[in-house]
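We did not get these values from a lab; they are worked out from the coordinates using the rules stated. Remember, it's a predicted structure, so these values are computed and weren't measured experimentally. Positions of Cβ are generated from backbone atoms using ideal geometry, with glycine treated the same way; all protein chains shown enter the neighbour counts.
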Amino acid sequence: MRLRCPFLLLLSAMMPLKSLSMGFGEIHHADHAADADTIVELAELSVAAIKSGSNILDRPVAASVVTPSQLRRLNIVGMKQVSEIAPNFYIPDYGSRMTSSIYVRGMGARIDQPVVGLNVDNVPVLNKDNYDFDLVDIENIEVIRGAQSTLYGRNAMAGVINISTLSPLRFQGVRLMAEGANGGTVRASASAYGMLLPEKLGMSLSGYYSHTDGFYRNAFTGRLIDGSDSGMLRWKTSWVVSPTVTAENMASLTISRQGGYPYESVELGDIAHNDTCFYRRTSVMDGLTVNARLGSLTLSSVTSMQWIDDNMTLDQDFRPEDYFTLTQKRTEWALTEDLIARMRRGAWKGMTGLFGFYRSTDMWAPVTFKDYGIQQLIESHRNQANPYYPIRWDDRSFVLDSRFDQSNYGGAFYHQSDFTLGDFRIEAGLRLDIEHVVLDYHSTANTSYTTYDATTDPATVYNRQTVAIDDADRLKSTFVELLPRLAVMYSPAATPFNAWVNLSKGYKAGGYNTQMFSDVMQQRLRGELGMSIAYSVDDIISYKPEKSWNVELGARYVMPDARGEASLTAFYIDCRDQQLTTFPSGVTTGRIMTNAGRSRSFGVEASASYRIADPLRARVAYGLADARFVTYIQGNESFHGKRIPYAPANTLFVSLDYSRPLRSSIIDHVDVTAACRGVGNIYWDDANLYRQPFYATADASVSLSRRQFTLTLWGENVTSTRYATFYFVSIGNHFVQRARPARWGATLRCTF
């Protein structure tokens, strides 16, 4: 009976079904009040992002806010669908949920360290591979562009994403959602919000499930290969301990089981691989935020625990032949602590923080060579070099085994002061960031081959040779960085205009190339056979931190009566040691992170929102980024002036929203949205030989509401625009991933 009491208390607390403040899960008329939002009204939504302040749009930064109404209208269910809504903000959809690449202003990375930080209810998500998750009961999303390293530290050199989930103190009730779409797609969610102590203690429990059969078919097996199942449970507790102390805890469990890697051969025009490809991830996160207000001083503590267990297994050659397979199985856990003190004295506000983290990763990454791979990549090359004494591998399958134990830990001290001097606001900050990385690796291979004497007829056995590789070592690196920032904003009193200039330093941590160890092992095998070695562990094991200086000029204008707003930003980025993901030349299979000498990016960003008439609002966001290498030499080839690969030169988002109440006994309210997204050009290689030209897709939705119920009919890429989301070369073969075709569906939402 004792175990059931908390649940009964929660149910009884939810019985009043009332809503506090401006809850976004209220019955339908409240949701439509939010639909009419403008850039000014969005300020009230930023209730959880401690460092960005209560109104991010009053600060000298380039920022965009995605509201719940936009999430619903555009049927946004994952981070990748937020792409393009903010100018120069692009998240490609390829590979699997492990591939969470984000590109902002021409900067980005496909593997390892991200250029954009992600915080969920103030908790920093340390691993980029955990960025791609489904969005349920989101109160708002802040996308801040430009280097934010002074406040957020490592891996925020191009910006920060702050996600705030709905609080039980702001809404009490039940929210339900069910959806069906083509591709065998179904989604469902249920959330319950209630008060255990009136106006003091609230609790919520949310659950989510999603399934899709997929859209890409493997010609070798005849089956769809990109099906997925995912689920989420989130438990949130908000407690007003006293008039000056509040606490909030968010605990979540997410599970993803996904096929994937539908890479199409450019030469043959098909997706055809014989071995299984999948990505599986289970993650747990718990974050506790405590705020205490002591007069003009506010103290905050953000503590988190994060755990990830995932497994990426794929047919690494992506062809029907038996080359090889790769498994990357990882268990990672991390602890973070951020202590923040904020003080206000007259025209001065200050923020001082102390941040620390510890992250431990155990990874097992075996590559299994199979018969055809042994023939083509080992025997044929060796026998061409010495045809008189050819070899044959004794085992037609063997394993190159690699195990890694990596720990990262570090700390930072930071401060930012904010001065208001008449019409001017000055922000000045500095951060000292220290990080230490330790990598223990152990690579082994045990196999054998037989050498034949072909000078005799018939050929006779010359000898048998055992290949035993056992490499182990410990590597250490320490990174120390000072990260300053200075911003000045001009905001005339009683005018809806402000302008700013922002100078900041960005920083992305260095690391180790664990994904190249299979190729290093292959080079070791070549050495055992007396063949030349292209590189060793020392050649490719590590990459340096990436650093940048950023200059930003911006202006923002808000029309009277919140009828519209507009913003314009220009930026210049000077980047040193830019981290680039490359595929080494030859018949290699791994990916390597390397450093370009120097690169630069400059461009503009423009966004606007205007209420054409009471029921009709238009939005537009456009970004231009000219990102090129200044100094980058590979071998004898210079890539000076070439565009940085994978980062789009242009992003475009345009939407038209129609919303009005109806005097009908059947329908209370109707919403219609038409949207267009555009991206390109995207260059796929350092030499700019291959590219995806600019393309545009169209989305549309119609929502019909009746009291607590809303039915949305929606379509994505309704014109079935054909474009590539990814391109690469592996063992000399060219591959591409195509975009998904048109998607159509219906979503029913209920709020009680």
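A few points about this structure:
- Approximating the spin labels as points 7 Å out from Cα along Cα→Cβ, the residue 480-to-residue 276 distance works out to 5.0 nm.
- From phi via Karplus (6.51, -1.76, 1.60), per-residue ³J(HN,Hα) for region 594-603 in Hz, x at Gly/Pro: 10, 10, 7, x, 7, 9, 9, 9, 9, x
- Taking amide hydrogens as placed 1.01 Å from N in the peptide plane, the amide H of residue 730 sits under 5 Å from those of 735, each at least 5 positions away in sequence or on another chain.
- Distance from region 261-328 to region 63-123 (C-alpha centre basis), Å: 15
- Distance (nanometres) between label positions extended 7 Å along Cα→Cβ at residue 469 and residue 407: 2.8
- Whole-percent P(r), the chain, all Cα pairs, 10 Å bins from 0: 3, 13, 23, 26, 19, 10, 4, 2, 1, 0.
- Rounded to the nearest whole Hz, the Karplus-based 3J(HN,Hα) values (6.51 cos²θ - 1.76 cosθ + 1.60, θ = phi - 60°) of region 127-132 follow the sequence 9, 4, 5, 9, 6, 8, with x at glycine and proline.
- Lys, Arg +1 and Asp, Glu -1 on Cβ, resulting dipole of region 356-478 about Cα centre, debye, nearest 20: 120
- The order of 85, 138, 144, going from fewest to most other C-beta atoms within 10 Å of their C-beta, is 138, 85, 144.
- Partners for residue 505 among aspartates and glutamates (Cα-Cα distance below 19 Å; same-chain residues under 8 apart left out): 418, 427, 433, 435, 481, 546, 552, 574, 577
- 19 Å Cα-Cα reach of residue 329 towards lysines, excluding residues that sit fewer than 8 places from it in its own chain: 128
- Ranking of 626, 317 by neighbouring Cβ atoms within 10 Å, starting from the fewest: 626, 317.
- Summed over all non-identical Cα pairs, the Kirkwood treatment of region 138-285 gives a radius of 18.8 Å.
- In terms of its Cα atoms, region 200-306 spans 70, 25, 18 Å along the principal axes, sorted from long to short.
- Residues residue 742 and residue 658, FRET efficiency given R0 of 30 Å [Cβ-Cβ distance, rounded to 0.05]: 0.85
- With the simple model of a label 7 Å out from the Cα in the direction of the Cβ, residue 327 to residue 244 spans 5.7 nm.
- Farthest towards the positive end of the charge dipole of the chain, among the residues 161, 237, 558, is the Cα of 558, using unit charges on the Cβ of Lys, Arg, Asp and Glu.
- Amide proton proximity set for residue 316, modelled H, under 5 Å, gap of 5+: 324, 325, 326
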